[in-house]
1. Being more than 15 Å from the chain's Cα centre (by Cα), open to solvent by less than 10 Å² (accessible area, probe 1.4 Å) and not polar (S, T, N, Q) is the filter here, so list the residues in the stretch 228-240 that pass it.
2. Among the numbered criteria (1) at pLDDT 80 or above; (2) more than 23 Å from residue 296 (Cα to Cα), which one does residue 127 miss?
3. Being open to solvent by less than 50 Å² (accessible area, probe 1.4 Å), more than 13 Å from residue 149 (Cα to Cα) and in contact (Cβ under 8 Å) with a residue 60 or more places away in the chain is the filter here; which residues of the stretch 272-297 pass it?
4. Just a yes or no: is a residue in the stretch 93-109 at pLDDT 80 or above, in a strand (DSSP E or B), open to solvent by less than 30 Å² (accessible area, probe 1.4 Å) and closer than 23 Å to residue 300 by Cα?
5. Name the one entry in 198, 154 that is crowded, with 18+ Cβ neighbours inside 10 Å and assigned to a helix (DSSP H, G or I).
6. Can you find a residue in the stretch 76-89 that is modelled with pLDDT of 75 or more and more than 28 Å from residue 269 (Cβ to Cβ)?
Amino acid sequence: MRINAVVKRILKQFIHDKRTMALMIVAPILILTMLSLVFNGEDLELKIGVLNIPDQLVEKMEQHAIVKNVPSEDAIESLLKEDYDAVVEFSNEEKKLYLEGSNPSINRAVIELVKNSATKSDEKVNMNISYLFGSGDMTSFDHFGPVLVGFFIFFFVFLIAGVSFLRERTQGTLERVLASPIKRWELVIGYVIGFGLFTMVQSAIIALYSVYVIDLKMEGSFFYVLLITLMLALSALTLGILLSSFAKNELQMIQFIPLVVVPQIFFSGLFNLDTISNYLSWIGPLTPLYYGADALRNVMIKGQGLTDLWIDLLVLFGFSITFMILNIYALKKHRRI
């Protein structure tokens, strides 16, 4: 009888907690659907520019890639402007392959395609290979590392900020603060600055460890890495505080992770964005991690500077400001000032 009583109590708790019931069913279905659209999306098509290449070789490569004639005599300029994965150039009996270089798997695929096509067309396969970014010894972890740095910073800041702010509410601290003459916007800014100081330390430690201990590839300025991780952490911080306003306990706060954080992994660059189904691809630009991971990869792999990063940084700052404004309005349900 006592066991039955415990069982009934647990069942009643689940039945009355509609959010938990829905999440147990909706979240796995949502994530499985996204995974199916990611892995069953379009096949990766290599984009190769050609300059002074025999037609026979072009025809061979066109069977497995998108091949276009380079409009400029400068292959490097074409790589930058036309978003090619590689440019193949034959000049003065010299065969050159210029790789964009930031993705090792694409580099290997291009080299294999070009050499196999050249062999079948009776062309010599000896080529002078150059990398615009990266190098021949660049590993897959070097490619994914910047994305993982951004994701872990975003994830843990989101979780810690959300749970901490939730405890402020459940322990009555927030209500006591709201009973004072403080304005809602002052309260939000105060929390953001307070949590933000610890966020800065956390982001700096993770970035330092990633670059100087596990030796992730680092071509750009470490200062820009710190700036990007700080902006990404700020967006995670403000989002975590915002969503905690709609949670009644820690369990409900954690329930936001598969709905808010996990889907962002698919659009952070951990998977090739060109192969993701069109049904999902529009979601990426609506997520902070999309811009944070892009900026980190551009600094750490491509060595880009502020003139190339300002759009990503501006968007991340815009996310943070938007979440802060929504936080101010979310506090209305606790007190009207």
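1. 237, 240
2. With (1) at pLDDT 80 or above; (2) more than 23 Å from residue 296 (Cα to Cα) applied to residue 127, the lone miss is (1).
3. Scanning the stretch 272-297 gives 272, 275, 276, 277, 280, 288.
4. Yes.
5. Selected residue: 154, the only one of 198, 154 that is crowded, with 18+ Cβ neighbours inside 10 Å and assigned to a helix (DSSP H, G or I).
6. yes
The values are calculated or read from the model by the stated rules, or taken from the named source; none is laboratory data. Just so it is clear, the model here is predicted, and its values are computed rather than measured. Cβ atoms come from the backbone with ideal geometry, glycine included; neighbour counts cover every protein chain shown. Accessible surface areas use protein heavy atoms only, side chains included; no ligands, DNA or RNA. Shrake-Rupley method; radii C 1.70, N 1.55, O 1.52, S 1.80 Å.
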